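The values are calculated or read from the model by the stated rules, or taken from the named source; none is laboratory data. All values reported here derive from a predicted model rather than from experimental measurement. Neighbour counts run over all protein chains shown; Cβ positions are idealised from the backbone, glycine included. Side chains included, ligands, DNA and RNA excluded: accessible areas come from the protein's heavy atoms. Shrake-Rupley method; radii C 1.70, N 1.55, O 1.52, S 1.80 Å.
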Amino acid sequence: QVQLVESGGGLVQPGGSLRLSCAASGSIRSINTMGWYRQAPGNQRELVARITGAGVTNYADSAKGRFTISRDNAKNTVYLQMNSLKPEDTAVYYCNAKGISGGSTRYIPYDAWGQGTQVTVSS
């Protein structure tokens, strides 16, 4: 199994910044794509940004120019630097990782989610 633990959420004023972190652990053979999604009350979960193992990134239009996703492959960790935050960025942010897990002779694809971290942008 693969576990994801997020940290870094909180309350911030409009225009402020936050940095989210997500560390993956467990029987990890590889991590292909890591990403951040968010879900506001009454809305569906949506992609914010994702990054491949090779460092290729893509962003939601709402995140372009304000958010930066990065990863540390040695630490199995993905980050989301969020600048110029707006009230509409308020949501629960979820980390996602896809890859291959397993022991010495097993290869099991996984699609893991973290528990979510609350981001609130308000004055």
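Just a few scattered comments:
- Taking Lys and Arg as +1 and Asp and Glu as -1, the other residues whose beta-carbon sits under 15 Å from that of Ala112 total +3.
- Stretching Leu11 away from Arg45 to a fully extended chain increases their span by 10.2 nm, per 0.36 nm per residue minus the current alpha-carbon distance.
- Heavy-atom surface analysis with a 1.4 Å probe gives the chain a carbon and sulfur content of 47 percent of its accessible area.
- Summed over the residues of region 4-44 and divided among them, the accessible surface reaches 50 Å² per residue at a probe radius of 1.4 Å.
- Placing a label point 7 Å from the Cα of Trp113 along the Cα-to-Cβ direction, the residues of region 63-79 whose backbone N falls under 20 Å from that point are 78-79.
- Residues in region 52-120 average 52 Å² of solvent-accessible surface per residue, probe 1.4 Å, ligands and nucleic acids excluded.
- Efficiency of FRET between Ser30 and Ser122 - r from beta-carbon atoms, R0 41 angstrom, step 0.05: 0.55
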